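Nothing in this text is a laboratory measurement; each read-out follows from the coordinates by a stated rule. Remember, predicted model here, so these are calculated numbers, not experimental data. Methodologically, a virtual Cβ is constructed for each residue, glycine included, from the backbone with ideal geometry; neighbour enumeration extends over all protein chains shown.
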Amino acid sequence: MNQINKKMKITVLVISCIIFIIIGLIISLIYNQNSQKTKISLQTLNTTKTVIQNQQNQTVFDTILSTCPTQSEIKEFNNYFPITSDIPLKDYKCSNGLNPNYSENDSDNLDPRLTIYNSLRIMKAMHFREKLPWTEKNTYDWFKEKIKGININSKTNISFCCNPKQIINLKLDVLQNKDKKEWVKRQTGTGMMHLLLLEIHEARHIDILHTCGYKDHNLNEMGAWAVQYYLGQYIATELPNNCQNQYERDITLSSSEEIKKTRFCDYN
Ligand SMILES: [Zn+2]
C-alpha cells in the first residue's frame, strides 16, 4: 500500500513538473510575441515619423515635382492645353514623378509631356499675395485664357509663339532636360522655374510682340520681357515661404533682375 502511495506521489510530482514547464513555455512564448510586436510597432512609428519629417522639410514645389499628376489633372490639362509633338512619344506612365519608359537608364531624358504637366501643376499652385501687374486673374487662369495648346518642337532652335495661332512651341531639349525635375537646381541655378517663366513669356506674345528687335523698349509696355520680369519678382517675394527655399528665391530674384538689365532697349 505504501509502495502504491509512493508511486502515486512520484507520478503527481512528475505531472506537476511537466505542467509547470508547459506553463513556463507558454508564458515565455506570449512575452516574446508581445515584445516582437512592440519592436515592430516602434519601428513603424519611427518610419512614419521620418516620412512626416521629410514631407515637412520638402517644399510645395518639390513635392509637386516628385509626384505624379492625378488623372483629373491630366484630363484638365489635355482639355485646356492639348499637347502635340513633332516626334513620336513613348507610352505615358508615371511613378514618383518620372515616366519609367523614359528613365530606364541614368543617361535618359525626361518625358516632355510630364515636364509640361508638372509646370502646369506648379503654375496652378501659385497663389500670390498681390495681384499681378498685367492681369486681374491668377497666372494659371490667365495662361488658360491665352493658350489653346502646346507643341513639343524638336526642330526649332528657340521656343516661340504663336504659330499656329494661340499655340506655344516649346523646344524639346528644354522639356527633356533632367534639371526640370527640380524647381531650381542647386549646382546650376537652372530648372523648372525658368520653364514656367518661358511659358508665360511666350503666352504674352499672343497679345504683344517684341518692340525693339528681340528686346522690348521698357517695362511700361508690359510686353513679354516685362511680364517675365514681374513674374520672377512675384515668385521670389509674393508666395508663401513653404513653396520654395531661400536659395531658390534668391536665384529667381537675380535672374529676374538680369532680365531687367539686359532685355530692355531703354534701360539705363
Ligand atoms: Zn519673346
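For segment 230-258, the set of residues classified as hydrophobic (A, V, I, L, M, F, W, C) and surrounded by 19 or more Cβ atoms within 10 Å (Cβ to Cβ) consists of Leu231, Ile235, Ala236, Leu239, Cys243, Ile251, listed by residue number. Within segment 169-194, being surrounded by fewer than 22 Cβ atoms within 10 Å (Cβ to Cβ), part of a loop (DSSP other than H, G, I, E, B) and not hydroxyl-bearing (Ser, Thr, Tyr) holds for Asn177, Glu182, Lys185, Arg186, Gln187, Gly189. Is it true that Ala203 is within 16 Å of the ligand (Cβ to nearest atom), buried (at least 16 other Cβ atoms within 10 Å of the Cβ) and either among the polar types (S, T, N, Q) or within 23 Å of the chain's Cα centre (by Cα) (or both)? In short, yes. Once segment 207-218 is narrowed to residues that are out of contact with any His (no Cβ under 7 Å at 6 or more places or on another chain) and within 11 Å of the ligand (Cβ to nearest atom), the residue that is nearest to Asn138 (Cα to Cα) is Ile208. For Glu221, the stated conditions do not hold, so it cannot be described as out of contact with any His (no Cβ under 9 Å at 6 or more places or on another chain) and buried (at least 20 other Cβ atoms within 10 Å of the Cβ).
Checked against (1) over 22 Å from Ile200 (Cβ atoms); (2) of a type in the set (A, V, I, L, M, F, W, C); (3) under 22 Å from the mean Cα position of the chain (by Cα), Leu172 passes all but a single condition, namely (1).
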